[in-house]
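One structure below.
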Amino acid sequence: MAQPYLSLEFIDKSFERNGIRTEVLKQVSLGVEKGEYISIIGHSGCGKSTLLNIIAGLTQASEGVVFLEGKPVDQPGPDRAVVFQNHSLLPWLTVYENVDLAVSKVFRGIKSKAERHDWVMHNLDLVQMGHARDKRPSEISGGMKQRVGIARALSMEPKILLLDEPFGALDALTRAHLQDAVMEIHARLGNTMIMITHDVDEAVLLSDRIVMMTNGPSARIGEVLEVPIARPRNRIELASDRTYLKCREAVLKFLYERHRFVEAAE
Amino acid sequence: MSVTQLNIKEDKKPAAKKASVVAFVPPASSAPYRAKFMKAVRRAALQILPPVIMLAVILLVWQLLCSSPTSSLPSPGRVLHESWELIAHPFHVGQGVDQGMFWHILASLQRVAIGYAIAVVVGVALGALVGQSVWAMRGLDPIFQVLRTVPPLAWLPLSLAAFRDGSPSAIFVIFITAIWPIIINTAVGIRNIPQDYQNVAKVLRLNGFEYFGKIMLPAAAPYIFTGLRIGIGLSWLAIVAAEMLIGGVGIGFFIWDAWNSSLISDIIVALIYVGVVGFFLDRLIAFVGRLVTRGTANA
């Protein structure tokens, strides 16, 4: 059988500090198909952010390899764009310049100056932020910052979009708006997306598959849940949908019955 | 019981709010321009008046203290009288060191500008190196920490021996004085660049030059400008002392020359010039810093 689009093979990660080895991830293997939306869920400290950083290439795995389109991943790159938890926009650049920094770097010599400008505006319009192009990050709200962060990541035309708790720092209403925006973008562009989250509803609403991590240290993939709900999905209709509720229950049971977060272990 | 009390409070609150709103609106809308103008005048008066009053008080006390004919220092009135030539003709051009105040200040500013400019370039570069590389920090930081405590004037004989000329020696003293705060602040700023920005740079695969120009300098700019501001202040402090020793045209030697000629009033005029110019130099760097770091401070 052919290798999947993105393939994680036997990923181990351990840190060593003062001679004490801490195993964070143990034997994590996962295949992701093109266009899939995957959520990784687990209690805090289970190494899900470490896993995302390994896929991004920002952290090196101790053992095991990540393959993207059959090629091993060994350094960060724009083909695996990251939407960071706290947006990570550069505060001295305007909204436009933040996206342009990425576009100019990735498409230098490929697109003309006019094409690059159009591409920046296209991506800002995609997240409905074209109107704020000349504002600085300090002048816009948290939700808007995260929209720009998503636009910057999308503008790199990544093979895989990695989202590290993208809505974690937002209030519930803004979060719902952004989730809808991401769903729409996923439907329109068909990106492959991997999202870290600790929100059960968010995971079920957005994902094709939910990867549930056991508690660390030595976290593994405990279970992978398929979410067989047709797209486009509507959060209001789903609120009483049986499949949705069943999926939700399955994730909740995994997180709170079988792998309860043990405070004492910290 | 507690419930009834809560109800009473809530009944009272809206009434109080309403009353205050009604009272507040009319005066604001009736004469907006005049009110605005008066407000601006009042704000300006509040800013300018206190220093003017304090200055008058200080001059008065000084006049009283030094008014006796046996006083060793001149009173403000005597300074005005004795140094009127100097105050009235700042652009006077004469022979040798007999120049107007403007030319002395200009000569000093030129030396500061050259020495400071070199210090900025070298300081930011060295600071970036020390901030970026752990090995450079371990190797260089102890040396910097020792060298920065050497007083500026202690470098002067050494630089005179090396350059065999006054002006380059003074410039070197400015350079060596201004560079330490620039290096140290730049290094701290670069060490404090958030991991997030570094990750953005890594994902975009920015090369060394792009990272330096697009992430490092702007991210560290608030720190760098703190160093630059301290640096310009120290340079201006050092130039006066250095020029006293090297001679020629310059505000430092002017003061020394005035002392040798017992022109105490001239010294006082020169001190006022030095203070005002130093103040404007500091404000200039602060202003440039505000322009450059717009938006960075409140990330």
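The values are calculated or read from the model by the stated rules, or taken from the named source; none is laboratory data. Note that the coordinates shown come from a computational prediction; the quantities given were computed from them, not determined experimentally. Here the Cβ is made from the backbone with ideal geometry for all residues, glycine too, and neighbour counts use every protein chain on show. Surface areas here come from the heavy atoms of the whole protein model, side chains and all, with no ligands, DNA or RNA. Shrake-Rupley method; radii C 1.70, N 1.55, O 1.52, S 1.80 Å.
One table, with the values for the structure above:
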read-out	value
Geometric extent, Cα atoms of the range A:17-115 - Rg, Dmax (angstrom)	17.0, 55
Stokes-Einstein diffusion coefficient of the range A:56-103, Kirkwood radius over Cα pairs, 10 °C, 1.306 mPa s, in µm²/s	123
Shape box of the protein assembly as shown [Cα atoms, principal axes, largest first, Å]	103, 73, 56
At R0 = 30 Å, FRET efficiency that the Cβ-Cβ distance of B:Thr70 and B:Ile272 yields, to 0.05	0.75
Cα-based Lys pair tally, chain B, threshold under 28 Å, eight or more apart or on separate chains	7
Kirkwood Rh and Cα Rg combined as Rg/Rh, the range A:107-161	0.99
Ratio of the Cα radius of gyration of the range A:120-241 to 2.2 N^0.38 Å, where N counts its residues	1.13
Cα-based Kirkwood hydrodynamic radius, the range B:193-299, one decimal, Å	16.8
Chain B - convex hull of alpha carbons, volume per residue in Å³	312
Rg to Rh quotient for the range B:139-203, alpha carbon positions, Kirkwood Rh	1.21
Carbon/sulfur fraction of accessible area - the protein assembly as shown, other protein chains in place, 1.4 Å, %	62
Backbone HN-Hα couplings from phi across the range A:219-227 [Karplus 6.51/-1.76/1.60, Hz, Gly and Pro as x]	5, 10, 7, x, 7, 10, 10, 7, 10
Computed helical MRE - 222 nm, chain B, DSSP H runs ≥ 4 contributing -39500 (n - 2.57), nearest 500	-27000 deg cm²/dmol
Degrees, to the nearest 10: A:172-189 long Cα axis against longest axis of chain A	80
Chain B: DSSP helices with Cα axial extent of at least 20 Å and average Kyte-Doolittle hydropathy no lower than 0.5	B:32-65, B:101-132, B:166-191, B:217-246, B:264-292
Chain A - Kirkwood radius from inverse mean 1/r over Cα pairs (Å)	19.3
The range B:163-299, accessible area per residue, ligands and nucleic acids excluded (1.4 Å, Å²)	45
